[in-house]
Amino acid sequence: MADRLQTVFRHLGSGRPQQAISTIPVSAAAYQYSQPGCILSDEQRRFYDKNGFLVIKNLVSGDKIDKYKERFQKVCTGEVKIPGVIIMRDVAIAKSEFVPGEHAVTKIQDWMLDPVLFEYCCDPEILKYVEAFTGPDIAAMHTMIINKPPDPGLKTSRHPMHQDLHYFPFRPADRIVCSWTAMEKVDRSNGCLVVLPGSHTGELKQHDYPEWEGGVNKMYHGVRDYSPDHPRVHLEMEKGDTVFFHPILIHGSGMNRTKGFRKAISCHYASTQCHYIDVEGTTQENISDETLEIARKKFGGNIKISFKDVWRLRARLVKGQPGEIAE
Ligand SMILES: CCCCCCCCCCCCCCCCCCCC(=O)SCCNC(=O)CCNC(=O)[C@H](O)C(C)(C)COP(=O)(O)OP(=O)(O)OC[C@H]1O[C@@H](n2cnc3c(N)ncnc32)[C@H](O)[C@@H]1OP(=O)(O)O
Ligand SMILES: Nc1ncnc2c1ncn2[C@@H]1O[C@H](COP(=O)(O)OP(=O)(O)OP(=O)(O)O)[C@@H](O)[C@H]1O
Ligand SMILES: O=C(O)CCC(=O)C(=O)O
Ligand SMILES: [Fe+2]
Ligand SMILES: [Mg+2]
């Protein structure tokens with residue numbers, strides 16, 4: 001459809017589709033991946049449709065980020081305790097000596113019950129962009145602060161190329177989006193995000209642990225086959241810059257060659273009108289099994305819980321009406 005319209009515009013001799021769109025009543029289906037009437041300009045909608053991501057510069061203020069950073073440090077030292085939070089250490093650090101505070105921590109997840117950090121997920125500046133992808137009824141599904149450590153020399157600080165949808169038992173994919181905000185300058189030296197533009201138009205692929213000699217962090221599955229010739233874009237970002245990306249976009253991050261801990265805060269959102277799916281017999285069965293194993297370790301072997309339940313329990317409504325995936 002989009003291609004056909006582009007052809008029409010070329011015939012009209014405009015050469016600038018956004019002008020043509022404002023003067024001709026083009027159907028809303030011109031863009032597949034964002035909502036009609038949303039905050040995005042035509043140029044931004046076209047960019048996201050084509051590439052599967054969109055960077056908004058300076059979206060989150062330095063003050064807010066400093067507040068989240070301070071809170072993160074208190075969670076790492078144990079001064080602040082959040083019910084249900086997962087504090088994860090880098091596999092290489094976890095298997096070596098004891099390291100105190102945030103220097104041992106590679107990420108904290110599931111902090112939706114912390115009022116300070118959860119302000120990030122409810123930030124209206126972020127939600128107005130999220131709504132462009134999910135529509136008006138929005139649930140926060142997954143929360144993370146990633147504290148990529150200086151690489152201990154084993155390349156374990158890398159995050160293999162993956163599609164976030166691999167972890168999600170809900171659909172449709174086009175109504176899910178990740179918001180990822182740099183908490184400081186991120187570039188190639190400290191392991192910025194790397195994306196394969198346009199890969200969001202493909203299928204969800206088989207994921208497994210990569211065969212990395214130095215070890216791989218728990219649940220860091222990677223796409224088994226992606227074309228090494230596909231163009232890569234390194235997303236170098238300043239503090240407060242935020243990237244929104246599609247859950248089928250193939251992305252990862254390189255190793256951190258600096259002495260600092262590279263920090264980012266993120267939330268995955270979905271429309272509450274999404275529905276849960278059964279992943280049995282699909283490529284997602286491996287991550288479902290692994291997740292349930294962790295849940296049983298946490299809550300005891302006898303707990304009867306499904307992959308959907310794990311997600312349903314963590315989902316939080318942030319705007320609009322509740323629905324099947326978040327009440
Ligand atoms: C309401 C129900 C909640 C139920 C819990 C369900 C949680 C899982 C949901 C996950 C969903 C993920 C969704 C992601 C969506 C977006 C896409 C994101 C892509 C990713 O980020 S994938 C990575 C996500 N990773 C995780 O979620 C891992 C979660 N981490 C943990 O569960 C624990 O931190 C871990 C790794 C099990 C360690 O447990 P912990 O108790 O903290 O550590 P111990 O010191 O006791 O060590 C135990 C054992 O584990 C080894 N270990 C430690 N750290 C790591 C590591 N980073 N990687 C690998 N192995 C690790 C440690 O050495 C010990 O091993 P032994 O052999 O010595 O026993
Ligand atoms: N040999 C590899 N096998 C699988 N994935 C890799 C490999 N090397 C890098 N990656 C993944 O590709 C992504 C980006 O890699 P990239 O090459 O940008 O990072 P890097 O090798 O750490 O640093 P550099 O920017 O210097 O190349 C990361 O997700 C990383 O985990
Ligand atoms: O911040 C990073 O290194 C990437 C994190 C990521 O892609 C994820 O956790 O899904
Ligand atoms: Fe990811
Ligand atoms: Mg490289």
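Residues Arg232, Arg224, ordered by accessible area of protein heavy atoms at a 1.4 angstrom probe radius and largest first, appear as Arg224, Arg232. If the chain linking Asp309 and Ile39 were pulled fully straight, counting 0.36 nm for each residue of separation and taking away their Cα-Cα distance, it would gain 93.9 nm. For the stretch 102-110, backbone phi angles converted through the Karplus equation (6.51, -1.76, 1.60; θ = phi - 60°) give residue-by-residue couplings of 5, 5, 9, 9, 9, 6, 10, 10, 6 Hz, Gly and Pro being listed as x. The modelled label-to-label distance between Lys185 and Leu113, using points 7 Å beyond Cα along the C-beta direction, is 3.9 nm. Which residues does the label zone of Leu154 cover in the stretch 180-215, counting backbone N under 17 Å from a point 7 Å along Cα→Cβ? Within reach of a label on Leu154, which here means backbone N under 17 Å from a point 7 Å along Cα→Cβ, the stretch 180-215 contributes 209-215. Pairs spanning more than 30 Å between alpha-carbon atoms, out of Lys128/Lys263; Lys50/Lys263; Lys64/Lys205; Lys239/Lys298: Lys64/Lys205; Lys239/Lys298. The heavy atoms of Met183 offer some 0 square angstrom of accessible surface to a 1.4 angstrom probe.
Charge tally for Glu280 (other residues, Cβ to Cβ under 13 Å; Lys, Arg +1; Asp, Glu -1): -2. For Thr258, the residues whose modelled amide H falls within less than 5 Å of its own, excluding neighbours fewer than 5 places apart on the same chain, are Asp151. Net charge in the neighbourhood of Val216 (other residues with Cβ under 13 Å of its Cβ; Lys, Arg +1, Asp, Glu -1) is -1.
Shown in residue order for the stretch 233-245 are the 3J(HN,Hα) couplings computed by the Karplus curve 6.51 cos²θ - 1.76 cosθ + 1.60 at θ = phi - 60°: 10, 8, 8, 7, 9, 8, 3, x, 5, 10, 10, 9, 9 Hz (x for Gly and Pro).
Computed from the Cα positions only, the extents of the stretch 38-319 along the three principal axes stand at 52, 43, 43 Å, in decreasing order. Counting only C-alpha contacts under 8 Å and six or more residues apart, can you give the relative contact order of the stretch 170-327 as a whole percent? RCO, the stretch 170-327: 35 percent. Each residue, Glu285 and Ile86, gets one label point 7 Å from its Cα in the Cβ direction; the gap between the two is 2.2 nm.
Pull up all non-local amide H partners of His142: gap of 5 or more, or a different chain, and H-to-H distance under 5 Å with H placed in the peptide plane. Excluding prolines and chain starts, which carry no amide H, the hits are His268. Counting Lys +1, Arg +1, Asp -1, Glu -1, what net charge surrounds Lys57 among other residues with beta carbon under 9 Å of its beta carbon? My count for the surroundings of Lys57 gives -2. Here the stretch 157-219 is assigned +1 on the Cβ of each Lys and Arg and -1 on the Cβ of each Asp and Glu. Its dipole about the Cα centre then comes out at about 160 debye. Under 5 Å between amide hydrogens, built in the peptide plane, is the criterion, and for Ile250 it picks out Leu196, Ser199, His200 among residues at least 5 positions away or on other chains.
With contacts taken as Cα pairs under 8 Å and at least 6 residues apart, the chain reaches a relative contact order of 24 percent.
Only protein heavy atoms count here; on that basis, with a 1.4 Å probe, Asp278 has an accessible area of about 110 Å². Along the Cα-to-Cβ line of Ser96, 7 Å from the Cα, sits a label point; which residues in the stretch 126-154 have backbone N less than 11 Å from it? Those under the cut-off are 150-154. Here the chain exposes an accessible surface that is 52 percent carbon and sulfur, computed with a 1.4 Å probe and the other protein chains kept in place.
Based on the Kirkwood approach, the hydrodynamic radius assigned to the stretch 78-123 is 11.8 Å, with every pair of different Cα atoms included.
The values are calculated or read from the model by the stated rules, or taken from the named source; none is laboratory data. The model shown is predicted, which means the values in this text are computed figures rather than measured ones. Cβ sites come from the backbone with ideal geometry, for glycine too, and all protein chains shown count toward neighbours. Ligands, DNA and RNA are excluded from the accessible area calculation, which covers all protein heavy atoms including side chains. Shrake-Rupley method; radii C 1.70, N 1.55, O 1.52, S 1.80 Å.
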